[in-house]
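Okay, structure first, notes after.
The values are calculated or read from the model by the stated rules, or taken from the named source; none is laboratory data. Quantities reported herein were computed from a predicted structural model and do not represent experimental measurements. When we count neighbours, we look across all protein chains shown, and the Cβ atoms used for this are built from the backbone with ideal geometry, even at glycine.
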Amino acid sequence: MSEKSTLSIWLLDKTGSTNRYLIEKAREGLLKNGQAVLAREQTRGRGRLGRDFFSPGGTGMYLSVYYRTIDAEEALLYTPLCACAVCAVLEKEGLKPGIKWVNDIYLEGRKVCGILCEKAEGGVVCGIGLNLSTPPGGFPEAVKQLAGALDNGMEALPTAERVLAFLPYFFERPQEALAYYRERMLLTGHSVTLPDGKPARVLGISDRYGLNVLLPGGEEKEIICGEITLHGQMPPSCPAAQPG
Ligand code: BTN
């Protein structure tokens with residue numbers, strides 16, 4: 001994010017996916033650096049690994065923002081930096097969020113936020129879905145065991161504005177961001193299953209936001225992408241993370 005970005009949020013009542021919306025606008029060459037879009041509802045919210053992101057009207061912050069970048073290494077930073085920005089906003093509200101590598105935010109053992117950064121023309125679109133309140137009919141069966149909501153009265157637009165303000169803050173302070181991310185990582189010290197199905201113990205986060213793990217044979221390895229499954233319950237919060 002070398003270019004200066006100004007805060008501009010387009011508000012939509014309903015769209016398929018805010019990520020898709022900005023990816024299309026980028027293709028048409030219509031986006032300035034930092035342009036964001038916030039939807040009240042998404043009908044085809046997108047999650048990682050081709051999954052859907054449940055996005056019912058009026059209960060979540062469905063936010064996407066476009067940043068110009070041509071640097072592939074830099075593009076990889078957007079997901080963890082979005083996670084830092086969301087955590088910072090939640091901590092200002094007195095909450096104690098934790099991060100499940102690489103892109104999920106948990107609160108008291110439940111996933112309250114997912115992040116999906118996607119390549120777009122000339123840059124990247126960062127999509128953040130934060131469950132502000134429990135949907136009236138509850139979460140769908142498929143995510144019922146996992147999903148949670150803040151349910152603390154936070155509203156979508158001011159929350160989006162705060163998240164967007166924290167993003168450049170963390171971009172300008174890479175070392176602070178890395179330390180901040182590491183302190184909130186819920187998986188450190190825990191046993192997990194790796195994307196290839198092998199068991200491992202998490203050692204921590206590498207300097208480029210990879211996941212350092214210890215294999216049963218004693219070999220250390222850095223995982224760069226993929227889904228990690230935790231053995232047992234997600235820890236309620238990180239002892240190191242301080243609200244405020
Ligand atoms: C995940 O948990 O796998 C990522 C979910 C990302 C959801 C957000 S909501 C705003 C933006 N638009 C989308 O279609 N997806 C992201």
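Residues that are crowded, with 17+ Cβ neighbours inside 10 Å and within 13 Å of the ligand (Cβ to nearest atom) number at least 3 in the following helices (runs of 4 or more DSSP H) confined to segment 1-98: 18-27, 78-92.
The residue that is farthest from Leu116 (Cα to Cα), counting only those in segment 79-105 that are of a type in the set (D, E, K, R) and touching a Lys or Arg at 6+ places or on another chain (Cβ under 8 Å), is Lys92. Going through (1) modelled with pLDDT under 95; (2) under 15 Å from the mean Cα position of the chain (by Cα); (3) farther than 30 Å from Gly138 by Cα one by one, Tyr66 falls short only on (1).
Residues of segment 99-134 that are within 13 Å of the ligand (Cβ to nearest atom), assigned to a loop (DSSP other than H, G, I, E, B) and within 21 Å of Tyr66 (Cα to Cα): Val102, Asn103.
Here Pro135, Pro158, Pro140 are screened, and the one residue that is on the phi < 0 side of the Ramachandran plot and at pLDDT below 95 is Pro140. Restricting attention to segment 203-231 and to residues that are more than 20 Å from the chain's Cα centre (by Cα) and of a type in the set (A, V, I, L, M), the residue that is surrounded by the most Cβ atoms within 10 Å (Cβ to Cβ) turns out to be Val213.
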